[in-house]
Structures are given as structure tokens and as C-alpha cells.
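A.B. asks: Okay, here's the structure, questions in a sec.
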Amino acid sequence: MRPNSRLLSLVILSVACAASTAHALEVVTQSHHLGRFRLEPAEPLVLRFDGSLDPTSVGADAVRVLRTDRSGVIEVAGATSLESSTRGNDTLRFTPADGRFEFGRKHRIVLASSLRGPGGVAADGTLPRGDTFVPNKPSNLSEDLLEVSTALLGYDVSSPEKTDPNDPLQIPGIATTEAWKASIGRPDILIAVLDDGLESYGSRSLRHALFLNRGELPKPAGAGDYDANRDGRFNADDYAADPRVGDHDRDSPRTPRT
């Protein structure tokens, strides 16, 4: 073999080896995963790859999100957009059609097998933090309120494992947001919380979840039974037109709280 032929063969072999060892595109960061301490339902799902994606391979089903609830597995309606962060076309963003994922429900991320990078390099469907996430921060719970309420208990809200159980001045807290990753409760199970009352029934989810004891309460004014609004359940909404019930100033000694 002549020298120039040998050189040409080596070049061809090198190119072939480089092509065979080209690694698949990988997801390097993801915004939603089960390890998130708090995840708001209104946050869109963002996945960033270690390279650029071929825009022609990004279809409407590039990212699918499946939600599990009592009725089974449901596909979340939404839209996927191709964006750029550290390099061009390296990020996929999934936004639910109604602007939020359902609170307290398990969601699973599914990437399309058709995703490709430049030159047809396949995208690895593996997610570095797992494919499951649970939105576990109520949308109406402000960050300031969450920080203050847990700080008063001596609970490190941003890093719960730092809470010292041997310190008598620290109370570990109930880690509600962590519990909501597993379950948001069942309507057939009642629990009792011994506390000094509620500031407000303004939260719809709280209003509908609280059990009211008919044995301790009068019927709503002008109603023949406790289900005053005829929605099939008895809760604070049934007292909406009752003049005896309302929002009272907690700092006023003249009006008791409800």
C-alpha cells in the first residue's frame, strides 16, 4: 500500500470511529423532580440537554406528562416549546394548558423517542432526577408565610435535615409539603388538630376539606338542613349567607373569631 493510501485509510477509520462513539444527547438539568423540597403547580416543566436539539424532531408530543389520580392515569394537556439557554435549541419547556399542574398528584415525564440532535444523534430518554414529580406547595401559600411559620417552630424550612432533634427549643415540624408528595388525604378519613382556630376559610381547598360537626353547630340561617347550598356536602360554604358568621378582626376584643 502506498503511503498516501495508508493515510487515507487512517482518516476514514478515524471518522468511522468518531461516528460510532458519538454519545446520545442527555438531559443535564430538570426543574421538576421528586427531590424538590417545594414545587409550585404553576411552574412549567423545563428540561435542558447537553447539546442542541434538531427542531424538526421536536413535535407536539416531544414531552408528555401523565398524571395519576383516583380515576386512573390521565395525560396532561399542554404545549412544548424549544428554547435556548447555554446553547441554541438545548431546552424543552412544557406548559400545562390551564397554566398549572394539579396539586398533590403524582406526575410522570415521558420524552419522545424521536428527539434528535444535529446529524441525527438520538436523545437519551433518561432523566437525571427521575421521571416523577409532585406539585406540593399550595398556590395560595405565600413564601413569606411559609418561611415565617416554620421558623417560629425552630424548623429549617430550606434544609430540614439540619434541624437538631436534641435541641429542646426546636420542634421538627410536620413537614406537610413532604407529606403531600405521598398523599393529600382521603375524604373518608378524619383527623383532629388541636389548635386555637383558623384565621380564615378563604382557601377553597381548605374550606372543602374541613369537617364541621353538626352536633356542635346550628343549621345555617334560613335553611331547612345543613346542606344550605344543595351541593351535596356540608362545609363552610353553607354559612355564606348566614349573618351570624363572618370574618372578624382577630385583634379586636369585642368580636370573637369564628
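The values are calculated or read from the model by the stated rules, or taken from the named source; none is laboratory data. Computed from a predicted model, the values in this text were never measured in an experiment. Glycine also receives a Cβ, built like all others from the backbone with ideal geometry; neighbour counts cover every protein chain displayed.
A.B. asks: Looking at the structure I just gave you, is ASP90 closer than 17 Å to THR29 by Cβ and either at pLDDT below 90 or of a type in the set (Lys, Arg) (or both)?
C.D. replies: No, not satisfied.
A.B. asks: Quick one: count up the residues across the stretch 63-102 that are in a loop (DSSP other than H, G, I, E, B) and either under 20 Å from the mean Cα position of the chain (by Cα) or outside the structural domain of THR126 (by TED's automatic domain parsing) (or both).
C.D. replies: 10
A.B. asks: Then there's this: Look through the stretch 103-112, keep the residues that are within 13 Å of the chain's Cα centre (by Cα) and not small (Gly, Ala, Ser), and return whichever of them is surrounded by the fewest Cβ atoms within 10 Å (Cβ to Cβ).
C.D. replies: ARG108
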